[in-house]
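Note sheet for the following structure.
We did not get these values from a lab; they are worked out from the coordinates using the rules stated. Not measured: the values here are computed from a predicted model. Please note: Cβ atoms are built from the backbone with ideal geometry, for glycine as well, and neighbour counts cover all protein chains shown.
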Amino acid sequence: MAKHETPMLDELESGPWPSFVSDMKQEAEARAKNVNNVEYQIPVDVVDDLLGVLELSYKHGRTHWKHGGIVGVFGYGGGVIGRYCDQPQEFPGVAHFHTVRVAQPAGKYYTSEYLRQIMDVWDLRGSGLTNMHGSTGDIVLLGTRTEQLEEIFYDLTHKYNTDLGGSGSNLRTPADCLGTSRCEYSCYDTNALCHFLTNEFQDELHRPAFPYKFKFKFDGCPNCCVASLARSDMAFIGTWKDDIRIDQEAVQAYIGGEIPPNGGAHAGRDWGKFDIQKEVIDLCPTGCMWMDGNELKINNKECTRCMHCINAMPRALRIGEDTGCSILVGAKAPILDGQQMGSLLVPFVEVNPDNDYEAIINYIDKIWDWWMMEGKNRERLGETIRRLSFQKLLEACDMEADVRHVAYPRENPYIFWKEEEVPGGWDRDVKEFRKYHQR
Amino acid sequence: MALPDNAKEMIVEELTKKSKTKTKFYFNDLSKMFPEESPRAVKKLVNEMVSEGTLEYWSSGSTTMYGLKGMGDLG
């Protein structure tokens, strides 16, 4: 028998899709049965009360959560998000319902043993409910009480060699794609860079002093599987400087139907014979491909790394060998100002673990110094760039503008020269000027 | 340029002065007290004050603020 009547939530179970309500009811029942004899450290009926307060929110059409607070673990300014219920008498199980963010391993590689260990802690000291994974990529543990936080933190860090993730005005937990560990398209080892920068910037991750949140995301290639282009203040997207490698024999094998296009991804129905002209060449956004007899040709200077041809014929076309990454900045969701995609800042930078990614860290430091100085409260990097201009960011990064930084040509007809940019400068004597020009 | 020797006292004094109307402050509010200094140096100092228990973090989950320990609404 459920603790609270939840007719509106029950409706959500009636559709054909999996329902989070069913999952919560299952967890509520499992906690009540407690077959493993767990000595629950927070109320056993926490999930029942969560269902109850959610039903009440639906009934009233407004939230019954109070957001934020001073809760956290000693020395960390992030990783825990305070949540309290404003109806604690009716729903005592969720009077405190704090969220704990746990840093995901690079590439989200973990063992089932690791997950069981995390769940052992969370069943004991929390609600048992999780969100795998939050939008920053973290393992999100939903719902515990203040007095459990230090205990959870101790177990995570001392027993399971893991750490809390980022929240608040911090560097958020860096997130990456699988990179070279699994993917032939990857232009650099995303896992290594993500892990290195996570360790390198521990202070920025745990001790907030930015104007607002800041996200790094690492994509091994321009397919952008973690959507760094749209979801991170600073996106590191793999690219190459030389030519796409072409295996002409494999091109013929695709044309002849011996190799299925797109790695066989569209094999569910008969799409007809593969047509390289229609399915690859005509879809190239810059029209830089053509067939010269039986040979596929690419004018690599015109390639914009859309990845379509490589995705369609991965055995015939491969990324170049001179690889690194591009850095894009300023993407964000539409929370305060409107949403933005990233803008290209650095067309190509080496990704070199042998010098501890010196070139990349150099850009990060300059951007942070500028944003921390110029950014307004609750202003994302992309908004600071829009307010002060991309030009100012280039200056902060000691970079010259080039054509690849131009999003819309001829949008702004005004050019403001600086004295040092004009031969001879414009040093002038105001007194001399006034002799001929009255005020 | 180094932070003044009494930088911590200056922060406490400023936050106490404003505490009747405001108990939570953005990092920028603190760093602007030392305009000659880099924000990263000020960050080091205010985090030291958190470790010592003079200041405490307040976080909404998306934004973090600083306040004198125990001042204002803690929830």
Residues located in segment A:286-297, provided they are farther than 16 Å from residue A:315 by Cα and either out of contact with any helix residue (DSSP H, G or I) (no Cβ under 8 Å at 6 or more places or on another chain) or surrounded by 11 or more Cβ atoms within 10 Å (Cβ to Cβ) (or both): A:286, A:287, A:288, A:289, A:290, A:291, A:292, A:293
Helices (runs of 4 or more DSSP H) (entirely within segment A:217-312) containing at least 3 residues that are closer than 30 Å to residue A:103 by Cα: A:228-231
Verdict on residue B:59 being surrounded by fewer than 18 Cβ atoms within 10 Å (Cβ to Cβ) and either in contact with a strand residue (DSSP E or B) (Cβ under 6 Å, 6 or more places away or on another chain) or small (Gly, Ala, Ser) (or both): no
Hits in segment B:26-43 (condition: more than 7 Å from chain A (Cβ to nearest Cβ) and within 11 Å of the chain's Cα centre (by Cα)): B:29, B:30, B:31, B:32, B:33, B:42
Residue match in segment B:15-22 (condition: assigned to a helix (DSSP H, G or I), within 24 Å of residue A:367 (Cβ to Cβ) and more than 9 Å from chain A (Cβ to nearest Cβ)): no
Selection status of residue A:114, of a type in the set (Phe, Trp, Tyr), farther than 30 Å from residue A:194 by Cβ and surrounded by 15 or more Cβ atoms within 10 Å (Cβ to Cβ): no
Where residue A:141 falls short, out of the listed (1) in contact (Cβ under 8 Å) with a residue 40 or more places away in the chain; (2) assigned to a helix (DSSP H, G or I); (3) surrounded by 15 or more Cβ atoms within 10 Å (Cβ to Cβ): (2)
Out of A:255, A:244, sole residue that is among the β-branched types (Val, Ile, Thr), surrounded by fewer than 24 Cβ atoms within 10 Å (Cβ to Cβ) and without any contact (Cβ under 8 Å) to a residue 40 or more places away in the chain: A:255
So residue B:49, is it facing another protein chain (nearest Cβ under 9 Å) and under 28 Å from residue A:136 (Cβ atoms): no
Restricting segment A:182-216 to residues that are surrounded by fewer than 19 Cβ atoms within 10 Å (Cβ to Cβ) and either touching a residue at least 24 places away in the same chain (Cβ under 8 Å) or more than 20 Å from residue A:373 (Cα to Cα) (or both), the residue that is nearest to the other protein chains (Cβ to nearest Cβ): A:202
Residue identified as out of contact with any Ser or Thr (no Cβ under 8 Å at 6 or more places or on another chain) and not in a strand (DSSP E or B) among A:185, A:212: A:185
